Amino acid sequence: MTAITVIGFDADDTLWENEAHYKLTEARFTALLQDYADPDHLSARLLAAERRNLGHYGYGIKGFTLSMIETALEITEGRAPAAVIQSILDAGRDLHSHPTPLLAHVQATLEALSQPLILITKGDLFDQERKIAQSGLAGLFADIQIVSEKTTETYSRAFAPFGAAMMVGNSLKSDILPALEAGAWGVHIPAAQEWAMEAAAAPKSSRYRRLDNMAHLPKLLAELEG
């Protein structure tokens, strides 16, 4: 029997849709540069630029937009038309205007839980604050943490005041593996689309669970608590 005393939640693609907006923007980007390279090559070059730039710009829309511009300049050998660069900037700006409707079962599940809830999300501070405010969920969380990276130390600090913890998220790499290393339970709820940089193999741990959607979380908690 395990008594979970605090539950952490990821935000993007766990509580609301996010990656789909990036995929649409990437398709817009590859269409802009279709005269210079095929879409698959452009996507691979863009992903490589994002990997290089994480240490400089972090996660989020700003880093993604700068990586698109960098890729456009690389692909065109510095000859990208000003109109293309402007269109990339417009695409990045449009990402900020996307609404953040909640994913299925999210609000009802959060409201049904009796444990203290913590929101732990990474990315651009301004953009994450915007999405949290739009979601209407802020009042359900005892604590909200916007971090530059999710590490074992991130979860250890977040959960330390509460005791037995559980982390719920869509990313094995960021939400589950470091939370397990911190001694928490990890509940993976896969999203419809996954960013390639968040891919990881499922862990072999007795504290790992996979659910199809958020609606199954209360039942899992009841089972763990016996």
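Quick note: the coordinates plus some simple rules give every number you see, no bench work behind them. Keep in mind the model is a prediction, meaning the values are calculated, not measured. Don't worry about glycine lacking a Cβ; one is built from the backbone with ideal geometry, like all the others, and counts go over all protein chains shown.
In order along the range 12-26, the Karplus-derived 3J(HN,Hα) couplings, from 6.51 cos²θ - 1.76 cosθ + 1.60 at θ = phi - 60°, round to 4, 6, 10, 9, 9, 6, 9, 4, 4, 5, 5, 5, 5, 5, 5 Hz, and Gly and Pro are given as x.
For the range 149-164, backbone phi angles converted through the Karplus equation (6.51, -1.76, 1.60; θ = phi - 60°) give residue-by-residue couplings of 8, 9, 10, 4, 5, 4, 6, 4, 5, 5, 8, 3, x, 10, x, 5 Hz, Gly and Pro being listed as x. Look at where the Cα atoms of the range 166-181 and of the range 68-103 average out, and the two centres are 30 Å apart. Normalised by the number of residues in the chain, the mean separation of alpha-carbon contacts (under 8 Å, six or more apart) gives a relative contact order of 28 percent.
Just list whichever of Lys23/Lys62; Lys150/Lys204; Lys122/Lys173; Lys23/Lys150; Lys173/Lys219; Lys62/Lys173 have alpha carbons separated by over 18 Å in the model shown.
Numbers: Lys23/Lys62 15 Å; Lys150/Lys204 20 Å; Lys122/Lys173 13 Å; Lys23/Lys150 23 Å; Lys173/Lys219 25 Å; Lys62/Lys173 22 Å.
Check vs 18 Å cut-off fails for Lys150/Lys204; Lys23/Lys150; Lys173/Lys219; Lys62/Lys173.
Annotation: amide H-H contacts under 5 Å for Ala164 (H modelled 1.01 Å from N, sequence separation of 5 or more, or interchain): Thr5.
Can you give the longest run of the chain that contains no GluC sites (Glu not before Pro) sitting in a DSSP loop with at most 11 other Cβ atoms inside 10 Å? Spell out each step's value before the answer.
Numbers: sites that count: Glu77, Glu225.
Counting only loop sites that pass the neighbour cut-off, the longest clear stretch is 78-224.
Spin-label model, Leu54/Leu89: points 7 Å from Cα along the beta carbon direction are separated by 2.9 nm. Applying a DSSP loop filter and a limit of 16 other Cβ atoms within 10 Å to the trypsin sites (Lys or Arg not before Pro) in the range 43-94 leaves Arg79.
Want the number for Glu198 to Ala108: 0.36 nm per residue separation, take away the alpha-carbon distance, what's left?
29.7 nm
Per-residue 3J(HN,Hα) values for the range 55-60, derived from phi via the Karplus relation 6.51 cos²θ - 1.76 cosθ + 1.60 with θ = phi - 60°, read x, 9, 10, x, 8, x Hz in sequence order (x marks Gly and Pro).
Using a/c under 1.5 as the rounded threshold, could you call the range 130-209 rounded, prolate or oblate? The axes a ≥ b ≥ c are square roots of the C-alpha gyration tensor eigenvalues, and prolate needs a/b larger than b/c, oblate otherwise.
Working: a/c = 1.76, a/b = 1.14, b/c = 1.54.
Verdict is oblate for the range 130-209.
Averaged over residues, the count of other Cβ atoms within 10 Å places the peptides 132-141, 114-123 in the sequence 114-123, 132-141, highest first. Residues whose amide H comes within less than 5 Å of that of Arg210, counting only those at least five positions distant or on another chain, are His188 (H built at 1.01 Å from N in the peptide plane).
Quote the relative contact order of the range 19-95 in percent (integer), defining contacts as alpha-carbon pairs under 8 Å separated by 6+ residues. Walk me through the numbers on the way to the answer.
Details: 55 pairs, mean separation 28.1, N = 77.
Averaging sequence separation for qualifying contacts and normalising by length gives 37 percent for the range 19-95.
Distance between the modelled labels on Glu129 and Leu47, one decimal in nanometres: 3.3 nm (7 Å Cα→Cβ projection).
Among the chymotrypsin sites (Phe, Trp or Tyr not before Pro) within the range 1-87, not one is in coil by DSSP while having at most 11 neighbouring Cβ atoms inside 10 Å.
According to the square roots a ≥ b ≥ c of the eigenvalues of the Cα gyration tensor, what is the shape class of the range 19-95, taking rounded for a/c under 1.5, prolate for a/b larger than b/c otherwise, and oblate for the remainder? The partial results should precede the final answer.
Details: a/c = 1.38, a/b = 1.25, b/c = 1.10.
Because its axes are fairly even, with a/c under 1.5, the range 19-95 counts as rounded.
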